[in-house]
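A quick write-up on the structure given underneath.
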Amino acid sequence: MDIIKNRGIWIFTTVLTLVGLYYWTVVDQDRVEKMGSLQESDFTLSGDVNEWSEVYNRLELKYIGISKHVKTLQDETSEHYKAYNAKVDSINSTFERLEFKLDQINESLTDRLEDLNESLESLSEEFSSYKRTTQRDVRKINKSLESIKEDIDTIKKELDD
């Protein structure tokens with residue numbers, strides 16, 4: 001029985017070796033060729049994958065274009081803000097200069113008005129002084145005239161008598 005057993009093992013081993021050789025030379029070769037063609041197919045991305053990737057590439061290019069346009073708009077907006085701020089600063093400094101000049105004019109006018117008021121008061125005092133002097137002179141003249149009139153009346157009386 002040992003011989004039959006050994007023969008059975010030997011036959012089984014031989015058949016197993018032959019099956020392994022067949023698989024390795026025929027079946028495995030087909031598998032390797034199919035895998036190679038699959039690898040080439042994957043590399044070229046044919047069919048639906050190509051169509052999808054083309055749509056994706058177009059969409060990606062569109063987004064790149066949009067982002068460049070948005071960047072250009074952001075840059076232009078930034079430049080507009082800078083120009084606007086410069087103009088506002090210029091206008092502010094112009095207003096500050098005008099305000100300073102107006103303050104100077106206001107101070108000058110205030111000083112002139114004060115001088116004018118002082119001059120008017122001085123003139124008013126001088127006028128009052130002249131008026132008093134003139135009234136005094138008129139009273140003196142009136143007294144002198146009265147005195148002269150009395151003298152004339154006295155002379156006239158003496159002449160008539």
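Entry comment: accessible area of the range 41-161 is 96 Å² per residue, from protein heavy atoms only and a probe of 1.4 Å.
Set the Cα radius of gyration of the range 1-137 against 2.2 N^0.38 Å, with N its number of residues, and you get 3.83.
The angle between the Cα long axis of helix 28-44 and the main principal axis of the chain comes to about 20°, on a 0 to 90 degree scale.
From helices alone, the chain scores -35000 deg cm²/dmol at 222 nm; the rule is -39500 (n - 2.57) for each run of n ≥ 4 DSSP H residues, then divide by the residue total.
How large, in percent, is the carbon and sulfur part of the accessible surface of the chain at a probe radius of 1.4 Å? Please list the in-between numbers first.
Details: 9270 of 15550 Å².
The C+S portion of the solvent-accessible surface of the chain is 60 percent.
The aspartates and glutamates within cross-link reach of Lys87, meaning a Cα-to-Cα straight distance under 17 Å and a gap of 8 or more places when in the same chain, are Glu76, Glu79, Glu96. Against the chain, whose longest principal axis is taken from its Cα atoms, helix 48-160 shows a tilt of about 10°.
Ranking Lys34, Lys131 by solvent-accessible area of protein heavy atoms (1.4 Å probe, all protein chains present), from largest to smallest, gives Lys34, Lys131.
The values are calculated or read from the model by the stated rules, or taken from the named source; none is laboratory data. Keep in mind the model is a prediction, meaning the values are calculated, not measured. The protein model used for the area step is the full one, side chains on, heavy atoms only, and it has no ligands, DNA or RNA in it. Shrake-Rupley method; radii C 1.70, N 1.55, O 1.52, S 1.80 Å.
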